[in-house]
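A short worksheet on the structure shown next.
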Amino acid sequence: MLKILSLEVDRGGCGFYRIRKPLEGLERFTDSQCHVMDIKHDNMVELIKAISVADYIFMRPGAEIGMAKIRAIPELSKIKAKWIMDIDDNTDLISPYNEFYRSYGVKNYNHDKIEVWKDGVKGFSIKENQERVNSLKIGLRSADIVTTTTEKLAEHARKYNKNVYVNDNTIDTDHWWTLNNSGNEPLRVVWAGSPSHYADWYDIKEPLEKLMSEYNFEVIMLGHKKTGIF
C-alpha cells in the first residue's frame, strides 16, 4: 500500500487537475492512501506521523519552501519519502501578457510605450519575483522526481533534474454532465482556461475574427475574459 501526501495546493485548475484529482483517482482505483495537507485543519501530530511514513510527497511551485522546512525538522530529516515536484509552466519564458508575470516576471515591460509592468508598481516586485524563481529552481533540483504536462516542458525541467516524467492533463468524465447534442443556433465554441493563455489567443486574433465574420458561431469563455481579442 502506497502512502502519498501532497503539500498544500489550491483548488484552482492546477491544484485540482494536477494533484487533487489524480490522488482521488489513486485512492479510488488502488489501495493507496492519499492526503492533501491542510495546515489550518489538519491535526499536526497526525500530520507529522504521516510525513514520517509517506512513500511520496508531492509539491507544486512555492511548496518547495515547505519541503525545506520539513527537512530542517530533526525528527523528519531522514524520512523515506521521495519528493515529487509538479510543474506546468516554464517561468523562465513567461509572457508579459500573462497575469502571472506579476509573480514571475523579472523585467520591466512596456507595450507601445505604455507601461505594463514597472518595478514597485501595483504589487510588481522584480526582487521578490527573482527570489521566487530561484526558489522554484532550487525545488526542481532538490526533488527526487519532476512531473510535468508536455515533452516541451520536460525538456525545460531536465535542465534542473534528470528524473523527469510527463503526466498528461486528463479529464475526469464522471464530472461532466450528458451534453445536449440537439445543436445550437448559432453554434457555440466553449473554451475554459486561465489568464496564462492570453498571448496564445492574441496570436490567432485576426484569423479568429475572419472565421467569425464568415461563419455564424459564438465563442464562450470560462475562467478568464480575453479583453482585446474580439
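The values are calculated or read from the model by the stated rules, or taken from the named source; none is laboratory data. All of these numbers come straight from a predicted model, not from anything done at the bench. With ideal geometry, Cβ positions are generated from the backbone for all residues, glycine too; neighbour counts draw on all protein chains shown. Each accessible area value is taken on the protein alone, full model and side chains, heavy atoms only, with ligands, DNA and RNA left out. Shrake-Rupley method; radii C 1.70, N 1.55, O 1.52, S 1.80 Å.
Remark: for residue pairs Lys69/Lys162; Lys78/Lys127; Lys40/Lys122; Lys113/Lys152; Lys40/Lys69, the C-alpha separation exceeds 22 Å in Lys69/Lys162; Lys78/Lys127; Lys40/Lys122; Lys113/Lys152. Note: the range 1-71, Cα convex hull, 89 Å³ per residue.
Taking every protein chain into account, the accessible area of the range 149-230 amounts to 78 square angstrom per residue (probe 1.4 Å).
When the chain is treated as a GNM, springs tying every alpha-carbon pair under 10 Å, which of Arg141, Arg18, Arg188 comes out with the largest mean-square fluctuation? Ranking Arg141, Arg18, Arg188 by mean-square fluctuation puts Arg188 first. Only bridges whose two residues both fall in the range 74-230 count here: according to DSSP, what percent of them are antiparallel, nearest 5? Bridges in the range 74-230 are about 20 percent antiparallel.
Each residue of the range 155-168 was assigned a 3J(HN,Hα) from its phi angle through the Karplus curve 6.51 cos²θ - 1.76 cosθ + 1.60 (θ = phi - 60°); the sequence is 4, 5, 5, 5, 5, 10, 8, 7, 9, 10, 10, 8, 10, 4 Hz, with glycine and proline shown as x.
Cα convex hull, the range 32-134: 134 Å³ per residue, rounded to a whole number. A simple count of charges around Ser196, restricted to other residues whose Cβ falls under 13 Å of its Cβ and scoring Lys, Arg +1 and Asp, Glu -1, yields -2. Close amide H contacts of His224 (hydrogens built in the peptide plane, cut-off under 5 Å, sequence separation of 5 or more or a different chain): Gly193.
Here the calculated FRET efficiency for Gln130 and Ile39, from their Cβ-Cβ distance with R0 = 22 Å, stands at 0.25, rounded to the nearest 0.05. Per residue, the accessible area of the range 12-76 comes to 58 Å², computed with a 1.4 Å probe over protein heavy atoms only. Remark on Glu8: its backbone amide H falls under 5 Å from those of Met37, a criterion applied only to residues 5 or more positions apart or on other chains, H modelled at 1.01 Å from N. For the range 37-91, the share of accessible area belonging to carbon and sulfur comes to 58 percent (1.4 Å probe, ligands and nucleic acids excluded).
For the range 188-230, the share of accessible area belonging to carbon and sulfur comes to 56 percent (1.4 Å probe, ligands and nucleic acids excluded). Here the Karplus curve 6.51 cos²θ - 1.76 cosθ + 1.60, taken at θ = phi - 60°, turns the phi angles of the range 10-27 into couplings of 7, 10, x, x, 5, x, 6, 7, 9, 10, 4, 5, x, 5, 4, x, 4, 5 Hz, with x standing for Gly and Pro. A simple packing score, the average count of other Cβ atoms within 10 Å per residue, orders the peptides 55-65, 205-215 as 55-65, 205-215, with the highest score first.
Computed extension length for Asp31-Lys118: 26.2 nm, one decimal, from 0.36 nm per residue of separation with the Cα-Cα distance subtracted. Which of Lys21, Lys78, Lys40 moves the most in a Gaussian network model of the chain with Cα springs under 10 Å? Checking each option, the largest mean-square fluctuation is seen for Lys40.
Within the listed set Val106, Val121, Val133, the residue fluctuating most in the Gaussian network model of the chain (springs between alpha-carbon atoms under 10 angstrom) is Val121. Placing +1 on the Cβ of every Lys and Arg and -1 on the Cβ of every Asp and Glu, with nothing else charged, gives the chain a dipole about its Cα centre of roughly 860 debye. Evaluated with a Cβ-only charge set (Lys, Arg +1; Asp, Glu -1), the range 61-108 carries a dipole of roughly 340 debye about its Cα centre, given to the nearest 20.
Please work out the C-alpha center-to-center distance from the range 30-83 to the range 139-174 and express it in whole Å. A separation of 20 Å, based on Cα centres. Here the convex hull built on the C-alpha positions of the range 88-219 has a volume of 169 cubic angstrom per residue. Considering every pair of different Cα atoms, what Kirkwood radius, in Å, is found for the chain? Result for the chain stands at 20.4 Å. In sequence order, the range 108-114 has phi-based couplings of 5, 8, 10, 10, 6, 6, 9 Hz under the Karplus curve 6.51 cos²θ - 1.76 cosθ + 1.60, θ = phi - 60°, and Gly or Pro positions carry x.
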